[in-house]
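The block underneath contains the structure these notes are about, expressed in structure tokens.
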Amino acid sequence: MPTKILMVCLGNICRSPLAEGILASKLPANAFTVDSAGTGSWHVDQSPDKRSIAVAKKYNLDISTQKGRQFKKADFTTFDYIYVMDKSNYNDVLALAENPEQRKKVRLILNELHPEQNLDVPDPYFGIENGFENVYTMLDEACEIIAEKLTSK
């Protein structure tokens, strides 16, 4: 059975679709499944933000077929690892956890890159022009570490 990883942000159209695409590209598809979700419901069934699609395409990743969905309690059962993009997402997801085992699955993604610093991946939706590029770089570096850890197990 493949190891299942979920990437979570607020709306599931900017950061988590990028994280999903990046991590999936670094892992063997027969051994891992990567998905993404948002804590909010605003963008359910929508494609990722065109700026996320564009920055992914720049790095030869196609995330255009992904569709937004909202995080649900059942995700704690389905997924082995749940990576969240910021402290707000972390708190929202933990609020749905029913036991310590579920809470243990939830991690801030940038702690892979900067352990114990609890840094946020900035939401580029309303941000500066190169925000999506910066987010891509952060997520690529964090996903490289995650992929190394998962494939060495």
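The values are calculated or read from the model by the stated rules, or taken from the named source; none is laboratory data. Since the structure is predicted, the reported quantities are computational estimates derived from the model, not experimental observations. Don't worry about glycine lacking a Cβ; one is built from the backbone with ideal geometry, like all the others, and counts go over all protein chains shown. Just the protein is used for accessible areas: all its heavy atoms, side chains included, with ligands, DNA and RNA removed. Shrake-Rupley method; radii C 1.70, N 1.55, O 1.52, S 1.80 Å.
Of all residues in the range 56-80, those that are of a type in the set (Gly, Ala, Ser) and in contact (Cβ under 8 Å) with a residue 24 or more places away in the chain total 2. Looking only at residues in the range 119-153 that are outside any helix (DSSP H, G or I) and β-branched (Val, Ile, Thr), the one that is surrounded by the most Cβ atoms within 10 Å (Cβ to Cβ) is VAL121.
I'm trying to understand the selection: among the residues of the range 81-114, which are of a type outside the set (A, V, I, L, M, F, W, C), in a loop (DSSP other than H, G, I, E, B), open to solvent by less than 70 Å² (accessible area, probe 1.4 Å) and touching a residue at least 24 places away in the same chain (Cβ under 8 Å)? Passing the criteria: ASP86, LYS105, GLU112. Of everything in the range 33-50 that is over 13 Å from PHE71 (Cβ atoms) and surrounded by 19 or more Cβ atoms within 10 Å (Cβ to Cβ), the residue that is nearest to the chain's Cα centre (by Cα) is VAL34.
For ASP120, the conditions (1) within 22 Å of PRO2 (Cα to Cα); (2) touching a Leu at 6+ places or on another chain (Cβ under 9 Å); (3) charged (D, E, K, R) all hold with the exception of (1).
Taking GLY11 as the residue in question, decide whether it is in contact with a Gly (Cβ under 8 Å, 6 or more places away or on another chain) and surrounded by fewer than 24 Cβ atoms within 10 Å (Cβ to Cβ). Considered against the rule, which asks whether it is in contact with a Gly (Cβ under 8 Å, 6 or more places away or on another chain) and surrounded by fewer than 24 Cβ atoms within 10 Å (Cβ to Cβ), GLY11 comes out as yes.
Say whether the condition of being in a strand (DSSP E or B) and of a type in the set (D, E, K, R) is met by at least one residue in the range 45-52. For the range 45-52, residues in a strand (DSSP E or B) and of a type in the set (D, E, K, R): absent. Selection of first residues in the range 124-153 that are of a type in the set (Phe, Trp, Tyr) and of second residues that are open to solvent by 70 Å² or more (accessible area, probe 1.4 Å) and part of a loop (DSSP other than H, G, I, E, B), restricted to Cβ pairs under 8 Å at least 6 apart or on distinct chains, gives the following pairs, ordered by first then second residue: TYR136/TYR59. Once the range 59-80 is narrowed to residues that are hydroxyl-bearing (Ser, Thr, Tyr) and not in a loop (DSSP other than H, G, I, E, B), the residue that is most open to solvent (accessible area, probe 1.4 Å) is THR77.
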